[in-house]
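Asker: Mind looking over this structure? Questions follow.
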Amino acid sequence: MAKASESIPILIFHKGNSPYLRDCLVQARKTNPSSRLILLGDEENAHLAQDEALEGLEHFEADSFPGFKEFQPFYHHCSNLSFNFEMVCIQRWFVMRDWARQFGIKRFLHLDSDVLLFCNVTELAQRFDKYDMTFMRWDADRLLAHFFLLNRIEFLDEFCEYILKIYQNDSEFERLVKRSMNENGVRQQDPWISDMSLLAGFYDVSGCNAYFLENAREEGLFFDDRITLAGSFQKEFGILRKHKIKKVRFLDGHPFVFTQEGKPMEVQILHFHAFTKLLMHNFVRGRNPRWLFFWYTLILEHKMVKRFMKKGLYCPRILFF
C-alpha cells in the first residue's frame with residue numbers, strides 16, 4: 001500500500017470532447033495540485049494535455065491498451081442506454097487494469113468525468129486505508145464507482161476475469177439479466193446491464209472489503225450519489241416540479257448541502273447525472289445555482305432545445321454561463 005505521504009493519482013476515463021470533461025479535470029487539478037492527473041481518452045480530447053489550467057495532465061489513448069479490445073467481442077447489449085456508452089463503461093475497467101500494470105500503480109482514484117471533486121484525495125484517503133476500495137449504492141442491485149478509491153490493485157484483474165466469465169457463460173449472464181430487472185425491489189419491464197450491475201454481482205461473490213461512501217455522512221462528510229436525487233436533503237426546483245436537484249450553497253468558497261432540518265454538510269464530490277452536466281462549469285466557478293438552475297430548466301423545456309437534446313447533442317454552453 002502507498003505511504004500516506006505519497007500523493008494518490010487521479011484517473012479519468014472519457015471518450016470524446018464533451019464540454020464538461022474540462023470542468024471535471026480543472027476542478028480535480030485545483031483541489032489536488034500535487035497528484036498525478038491522468039486522462040485515458042482519445043484523439044478528440046488529446047489537446048487538453050496542452051491546457052495551461054491542467055498543468056501536468058497525462059493523456060493516454062484508451063484504445064492503445066490491449067484490454068480495450070479484449071472485452072468487445074463478448075459484449076451483449078441489455079440496456080435502454082446506447083450500445084457504445086454501456087460497452088465503453090465496461091471496457092474502461094480493462095483499460096484501467098492495463099494502465100496500472102504498465103506503470104506499476106498500486107493505488108489510485110478513478111473519478112467519473114461528470115463528477116466535481118471538492119476535496120484533497122490524498123488527505124481524505126487515510127480514512128479508507130483499511131478498505132480495498134470505495135463504492136456508493138445506486139440502488140439495491142447496482143454499485144456506483146464514480147469516486148472509486150482503489151487500495152488493492154489485484155481487484156482489477158479479478159473483476160475483469162469475472163466480467164469475461166459472465167459474458168461467456170449463458171446461464172451466468174441470464175442470472176444477471178434477471179437481477180437487473182429489479183430496481184429498489186420493484187420489478188422492471190426491461191433489463192439493464194451495466195458496469196454497475198457487474199460491480200454489484202462481483203461484490204456479492206468476492207467478499208471484497210469495500211467502504212460505502214454514504215456512511216461518511218455520519219461523520220459530516222457528504223459524497224453525492226447524484227445531484228438529481230435529493231432524498232433526505234433540501235432541494236431546488238426548476239421551471240417544473242420534475243426538475244429538481246439538491247440545494248447546494250457555497251460558504252467561504254466551499255459547497256455545502258443541507259438536511260431537511262437545515263444542518264449543513266460539507267460536500268466532497270458532486271455527481272452531475274443526466275441533464276445537469278451543463279451546470280458543472282458554474283459550480284467550478286463557485287456560483288450558487290438557485291436562479292441558474294431555474295433558467296437552465298426553462299431553456300430545457302423549449303421545444304427546439306428538446307429536439308436538439310433528443311438527438312444526443314448538448315446545447316451551446318454559452319447559454320449557461
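Nothing in this text is a laboratory measurement; each read-out follows from the coordinates by a stated rule. Quick caveat, the model's predicted, so the values are computed rather than measured. As a convention, Cβ positions derive from the backbone with ideal geometry for all residues, glycine included, and neighbour counts pool all protein chains shown.
Asker: Out of residues 5 or more away from Glu266 or on other chains, whose amide H comes under 5 Å of its own, with H placed 1.01 Å from N in the peptide plane?
Answerer: Placed amide hydrogens put Phe222 under 5 Å from Glu266.
Asker: Can you sort Val26, Val115 so the residue with the fewest Cβ neighbours within 10 Å comes first?
Answerer: Val26, Val115
Asker: Please arrange Glu43, Glu61 by how many other C-beta atoms lie within 10 Å of their C-beta, fewest to most.
Answerer: By the 10 Å Cβ count, ascending, the order reads Glu43, Glu61.
Asker: Quick one: 3J(HN,Hα) in Hz for the stretch 103-120, Karplus 6.51/-1.76/1.60 with θ = phi - 60°, rounded, Gly and Pro as x.
Answerer: Along the stretch 103-120, the couplings run 10, x, 7, 10, 7, 7, 10, 9, 10, 5, 6, 10, 10, 9, 9, 10, 9, 8 Hz.
Asker: Around Phe108, which amide H atoms from residues at least 5 apart in sequence, or from another chain, sit under 5 Å from its own amide H, with H modelled in the peptide plane?
Answerer: Amide H to amide H, under 5 Å and 5 or more residues apart or across chains, Phe108 pairs with Leu150.
Asker: Give me Ile153, Ile245, Ile227 sorted ascending by neighbouring Cβ count inside 10 Å, so fewest comes first.
Answerer: Ile153, Ile245, Ile227
Asker: Let me ask something else. Could you sort 64-77, 94-107 so that the peptide with the highest average Cβ count within 10 Å comes first and the rest follow in order?
Answerer: 94-107, 64-77
Asker: In addition: Amide H to amide H, which residues 5 or more places from Ser79 or on other chains are under 5 Å from it, using H placed in the peptide plane?
Answerer: Ile193
Asker: For the stretch 121-204, what does the alpha-carbon gyration tensor say about shape, rounded, prolate or oblate, given a ≥ b ≥ c as the root eigenvalues, a/c under 1.5 as rounded, and a/b over b/c as prolate?
Answerer: It is oblate, given that a/c is not under 1.5 and a/b is not larger than b/c.
Asker: Just add up the charged neighbours of Leu221: K/R +1, D/E -1, any other residue whose Cβ is under 10 Å from the Cβ of Leu221.
Answerer: -1
Asker: Enumerate the calculated ³J(HN,Hα) couplings along the stretch 171-179 in order (Karplus 6.51 cos²θ - 1.76 cosθ + 1.60, θ = phi - 60°), each rounded to whole Hz, writing x wherever the residue is Gly or Pro.
Answerer: Taking θ as phi minus 60°, the curve returns 5, 5, 5, 5, 5, 5, 4, 4, 5 Hz for the stretch 171-179.
Asker: Rounded, prolate or oblate: which one fits the stretch 10-214, using the alpha carbon gyration tensor with axes a ≥ b ≥ c (rounded when a/c is under 1.5, else prolate when a/b beats b/c, else oblate)?
Answerer: Prolate is the answer for the stretch 10-214, as a/c is 1.5 or above and a/b outweighs b/c.
Asker: Another question, if that's okay. Here is the link list: Lys30/Lys247; Lys106/Lys277; Lys165/Lys277; Lys15/Lys244. Which ones come out longer than 26 Å on Cα distance?
Answerer: Lys106/Lys277; Lys165/Lys277; Lys15/Lys244
Asker: Residue-wise, which Karplus ³J(HN,Hα) couplings in Hz belong to the stretch 27-41, taking 6.51 cos²θ - 1.76 cosθ + 1.60, θ = phi - 60°, and x for glycine or proline?
Answerer: 5, 5, 5, 5, 8, 9, x, 9, 8, 5, 10, 10, 10, 8, x
Asker: Any chance you could run the full-extension gain for Phe256 through Arg175? It's 0.36 nm times the residue separation minus the Cα-Cα distance, nm to one decimal.
Answerer: That works out to 25.1 nm of additional length.
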